[in-house]
1. Kindly list, by first and then second residue, each pair from a residue in segment 74-101 that is acidic (Asp, Glu) to a residue that is within 16 Å of the ligand (Cβ to nearest atom), limited to pairs with Cβ atoms under 8 Å and residues at least 6 apart or on different chains.
2. Report, by residue number, each residue of segment 206-220 that is among the small types (Gly, Ala, Ser) and either within 12 Å of the ligand (Cβ to nearest atom) or in a loop (DSSP other than H, G, I, E, B) (or both).
3. Thr91 - would you say it is surrounded by fewer than 22 Cβ atoms within 10 Å (Cβ to Cβ) and in a helix (DSSP H, G or I)?
4. Just name the residue that is farthest from the ligand (Cβ to nearest atom) out of those in segment 96-112 that are crowded, with 24+ Cβ neighbours inside 10 Å and over 14 Å from Thr229 (Cβ atoms).
5. It is to be established whether one or more residues within segment 73-87 are within 16 Å of the ligand (Cβ to nearest atom), farther than 30 Å from Ile341 by Cα and not aliphatic (A, V, I, L, M).
6. Within segment 333-353, can you find the residues that are at pLDDT 95 or above, outside any helix (DSSP H, G or I) and either on the phi > 0 side of the Ramachandran plot or crowded, with 17+ Cβ neighbours inside 10 Å (or both)?
7. For the structure I just gave you, tell me whether Pro30 is within 18 Å of Phe408 (Cβ to Cβ), modelled with pLDDT of 95 or more and either touching a Lys or Arg at 6+ places or on another chain (Cβ under 8 Å) or not aliphatic (A, V, I, L, M) (or both).
8. Could you say which residue among Ala405, Ala374 is farther than 23 Å from Thr160 by Cα, out of contact with any Ser or Thr (no Cβ under 6 Å at 6 or more places or on another chain) and part of a helix (DSSP H, G or I)?
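The values are calculated or read from the model by the stated rules, or taken from the named source; none is laboratory data. These numbers were taken from a predicted model, which means no experiment stands behind them. Glycine also receives a Cβ, built like all others from the backbone with ideal geometry; neighbour counts cover every protein chain displayed.
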Amino acid sequence: MQSVASERAWSRTRSNFIDYSSLAAFGGTPAVPSGRVVPWPAANETHLRSLAAVVKSGKYHRVNHPIVQEFEKKFSEWTGWWNVRAVATGTAAIHVALDQFKTRGRTVVAAALNWPGAVGPIHFCGLEPTFVDVSLEDTVLDQEAAKAALDSDASAILVTHLFGNPAFVPELRSQVRHFSGAAIIDDAAQSIALVRSIGPGLPLDSDAVIVSANGAKHLGAGELGLICTRDQELVEHVDRVSLTSSARNGERVFSPMTEGYNYRPNVFSAAVALGRIGELGDQLVCRRKNAAALWNKIMHLDGLRPLFRPSEPSNSFLNLPFRIDPEQMGLPQRPETRDFIVGLLKAEGVPVSVWLTKPVFEYLPHWRGRWSAADFPNTQRILDTMFHLTEIAPPNDEETMALYADAFEKIWAMLPYLGDRVADASRAR
Ligand SMILES: Cc1ncc(COP(=O)(O)O)c(C=O)c1O
């Protein structure tokens with residue numbers, strides 16, 4: 001976009017008396033100076049010290065490494081409720097949990113707007129997904145559709161909490177508990193605040209809450225996943241799915257029966273994650289403050305909608321998802337309109353990107369083509385119109401949010417005059 005920019009901006013200026021050369025995509029100065037934004041996981045010296053502790057321990061693996069055990073204990077304390085078992089990744093954690101409950105039925109109810117790695121384990125366990133649509137307000141799975149999909153064949157319901165948005169779905173949980181033998185698995189990979197109580201002394205009604213500690217998530221460590229549960233059998237199942245041998249209790253013991261996935265936790269990742277637990281509460285407070293500061297400045301912009309509930313206090317704000325309403329903006333109702341705006345924002349230095357573009361089943365070879373996107377209208381609408389802004393974590397602060405807001409303002413002021421550019425971009429596809 002940048003290369004064609006200034007010349008075309010000039011000719012456009014002469015013919016229509018509109019000068020949009022102030023936009024960075026057309027040669028102007030970016031609203032967010034280069035180097036101003038600190039990208040997550042906000043690497044710093046304390047992470048080096050955490051890694052050095054593993055090196056000094058002289059042990060780089062093993063599930064009973066004291067650092068891993070300390071991490072499990074401290075994280076359990078942080079949650080205030082759950083027993084915690086670390087495994088290799090969030091995906092592995094979902095697999096282990098589903099594997100434990102797979103004999104309860106043949107199907108798993110899950111949202112069509114989802115992360116491929118989150119639903120992949122349904123297939124690993126020999127189960128079939130029943131996909132349901134999501135809410136246009138906050139991407140949370142449609143509670144009524146999920147209730148209707150819940151039949152006697154359901155072994156589990158997988159509640160994915162995307163972008164930090166909590167999916168409490170209390171009626172769905174209650175229906176599962178009263179009328180179904182299905183397990184409730186909460187995928188909180190993007191929404192870590194859910195492992196803490198959701199009210200005074202009130203934990204989420206769940207059989208397993210899954211956390212990912214990968215570098216893009218709140219624990220910003222390395223590859224690492226956590227199963228948070230009160231189900232002791234599930235805790236024991238971790239080793240059955242994962243380990244060929246265990247040294248959890250001292251002596252090395254070979255498992256008499258194992259699926260052998262070797263989902264062992266990475267000690268280096270656990271060390272970084274352990275070092276971050278102390279700051280996790282403050283991190284969430286900062287993310288919430290930043291999200292509120294930015295949204296307050298840009299909420300008046302025509303056709304820009306939040307894909308989160310601005311007043312929800314337990315939002316983890318992994319990032320800020322938005323969608324646009326091109327009709328309200330007088331722009332073509334096509335995904336290319338969103339792509340064009342994302343291009344303008346990126347040129348201004350705003351860390352935005354387009355997430356997935358298809359319902360989750362289209363990303364998995366064994367399921368592709370079995371359902372139609374038309375059956376999940378909200379999912380498809382979100383995928384055609386959404387983008388998300390990633391860097392809202394500390395040390396980025398309200399001043400950084402003000403710079404992002406300036407970029408949005410600058411672009412939105414010019415959008416009414418950019419309709420033909422958007423149309424050009426659409427035709428070029
Ligand atoms: C919603 C969701 N679930 C599960 C996962 C899997 O976590 P991991 O990358 O630790 O395997 C991710 C990872 O991005 C995710 O976003």
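1. As it stands, the answer is Asp99/Pro121; Asp99/Phe124; Asp99/Cys125; Asp99/Val241, since those pairs meet every condition given.
2. Taking segment 206-220 as the starting set, the residues that turn out to be among the small types (Gly, Ala, Ser) are 206, 208, 212-213, 215-216, 220.
If the condition is that a residue be among the small types (Gly, Ala, Ser) and either within 12 Å of the ligand (Cβ to nearest atom) or in a loop (DSSP other than H, G, I, E, B) (or both), then Ser206, Ser212, Ala213, Gly215, Ala216, Gly220 are the ones that fit.
3. Details: surrounded by fewer than 22 Cβ atoms within 10 Å (Cβ to Cβ): no; in a helix (DSSP H, G or I): yes.
Judged against the criteria, Thr91 is not a match.
4. Val109
5. Checked segment 73-87: at least one residue is within 16 Å of the ligand (Cβ to nearest atom), farther than 30 Å from Ile341 by Cα and not aliphatic (A, V, I, L, M).
6. If the condition is that a residue be at pLDDT 95 or above, outside any helix (DSSP H, G or I) and either on the phi > 0 side of the Ramachandran plot or crowded, with 17+ Cβ neighbours inside 10 Å (or both), then Glu348, Gly349, Val350, Pro351, Val352 are the ones that fit.
7. Yes, satisfied.
8. After applying the criteria, what remains is Ala405.
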